[in-house]
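Heads up, the thing below is written out as structure tokens.
What follows is calculated from the coordinates using simple rules that are stated; it is not laboratory data. Because the structure is predicted, anything quoted here is derived from the model rather than measured. Virtual Cβ from ideal backbone geometry, glycine too; neighbours counted across all protein chains shown.
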Amino acid sequence: MRIGLSTSVIQRGKTGVAQYVLALTKALLEREDGHELILFVLEEDLGLFEFARERARIVTVPEKFRAPVKDIAWHQVALPALARQLGLDLLHVPSYRRMIWQRACPLVATIHDLAPFHVPHKYDWKRMLYARVCARRLVRRQHEVIAISQTTAQDIHRFFGRPLNSINVVYNGLDHDRFRPADTQLARNKVAERYGLERPYFVYVSRLEHPAKNHVRLVAAFNTFKSSSNSPWQLVFAGGDWHGSDIIHGAVRQSPFASDIRVLGFVPGNDLPLLYQAAGACVYPSLYEGFGLPPLEAMACGCPVITSNRGSLAEVVADAAVQVDPEDLKGWKRELGRISSDAALREQLRVEGLQRAQQFDWSKTATATLEVYERALTGRVRSPAAPSRRRPADLQPLSARD
């Protein structure tokens, strides 16, 4: 099968979608099943795909098409023409905002989340108009659609009207070679040397986006936790600036404990495991997620997790993390205090988190994704199925159509 994969939505490798595209590409290339992979890559992103140069064909996309509107136009006009020219058997676009109308070949789209439909002001009115009008129509043109969680599948059905039995749920994986337990003291020494973090800390790995990622409420909860406990624990933000980051920086500056809140900016991929391995706990108060990789990455590194219970997060972490309503300031203050002072709780979460994380693997994601490709190629139709009513803890981490 000659498979085309669009990669222009990876934002220079600094987003969760980027991790999905890069990890899926690696996992597909590691398979020995004779499929040919053609990657469409923006000029300044070519370095991120150096690992694929010898095993995939890379088609360079001019940098002038990086801007969102121009990139959408390129997908609608240029990419279908390239699909015909290259004789693609299938084209996979991993973004609902880049889904294609023209059916030059069978089309597969991955939809990561529909958070803008749940979080007011996440995007401006122009993007929301495109999502509500254009994307709703485009999703019907796709031969197959992949959702990365049951939650996202339900959202696609609710907001875009695609039947549930035509949505494939394929969970994200984890790179267990990168995200794994290590000598805690050695990790702490390295983090102290590189980032000056010498005291216990909570780490939040997420781009600095307001209001969706909920940093400001976390700062408020941290303030009350510090005021009532005199704890030495610090709060660490690891992620690049995004929409509304100035509001987050302002909240940090105004905090009476600003010296205990560290904003590291975008952290290189090789340092992320160290931050998790050295952390006292990972916190993830996001208002809505379609999956939520950082909590799983933290679990795989043996780091206890406190997470929001919104969106797919409860589905993904199951009972292996403390779950809190992201708008409950008292709840977050309480759990920050509990996990920072209870070593037995941290150890329990560490053990349960490691077990949960082992269920997710990119090789399984690649296998399930190839099954979707085959279905798109052959036009095989499955019998209708009712939506799952199982509790999150009972869900299998990877499935075909549910």
Between helix 16-29 and the chain: long-axis angle, C-alpha atoms, 0 to 90°, nearest 10: 60
With angles folded into 0 to 90 degrees, how steeply does helix 184-195 sit against the dominant principal axis of the chain? Use alpha carbons for both and round to 10. 80
Residues Q358 and S228, FRET efficiency given R0 of 41 Å [Cβ-Cβ distance, rounded to 0.05]: 0.65
Above-threshold pairs, the threshold being 31 Å between Cα atoms, out of K26/K64; K126/K330; K190/K330: K126/K330; K190/K330
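Which loop-located trypsin sites (Lys or Arg not before Pro) does region 332-380 contain, where loop means any DSSP state but H, G, I, E or B and the Cβ has at most 15 other Cβ atoms within 10 Å?
The qualifying sites are R380.
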Separation between Cα centres of region 117-151 and region 162-225, rounded to whole Å: 26
Size of electric dipole in the chain: Cβ of Lys, Arg +1 and of Asp, Glu -1, about Cα centre, debye, nearest 20: 1200
With the dipole of the chain worked out from charges on the C-beta (+1 for Lys and Arg, -1 for Asp and Glu) around the Cα centre, which of A187, G34, G250 lies farthest toward the positive end? G250
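Hey, how much of the P(r) for region 184-357 falls beyond 27 Å, as a percent of Cα pairs?
Tail of P(r) above 27 Å: 15 percent of Cα pairs.
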Could I have the simple spin-label model distance between R158 and L46, label points 7 Å from Cα toward Cβ, reported in nm to one decimal? 4.4
Before anything else, pin down the relative contact order of the chain: Cα pairs under 8 Å, at least 6 apart, normalised by residue count, whole percent. 16
Helix 329-341 sits at what angle to the longest principal axis of the chain, using alpha carbons and giving 0 to 90 degrees rounded to 10? 70
Can you pull out the trypsin sites (Lys or Arg not before Pro) in region 152-219 that DSSP calls coil and that have at most 14 other Cβ atoms within 10 Å? R178
With just the Cα atoms defining each centre, how far is region 357-373 from region 57-85? Give it in Å. 27
For labels at D124 and D246 in the simple 7 Å Cα→Cβ model, what's the distance in nm? 1.4
Sum -39500 (n - 2.57) across every DSSP H segment of at least 4 residues in the chain, then divide by the residue count to get the 222 nm mean residue ellipticity, nearest 500. -11000 deg cm²/dmol
Rg from C-alpha atoms of the chain, normalised by the globular rule of thumb 2.2 N^0.38 Å, equals 0.98
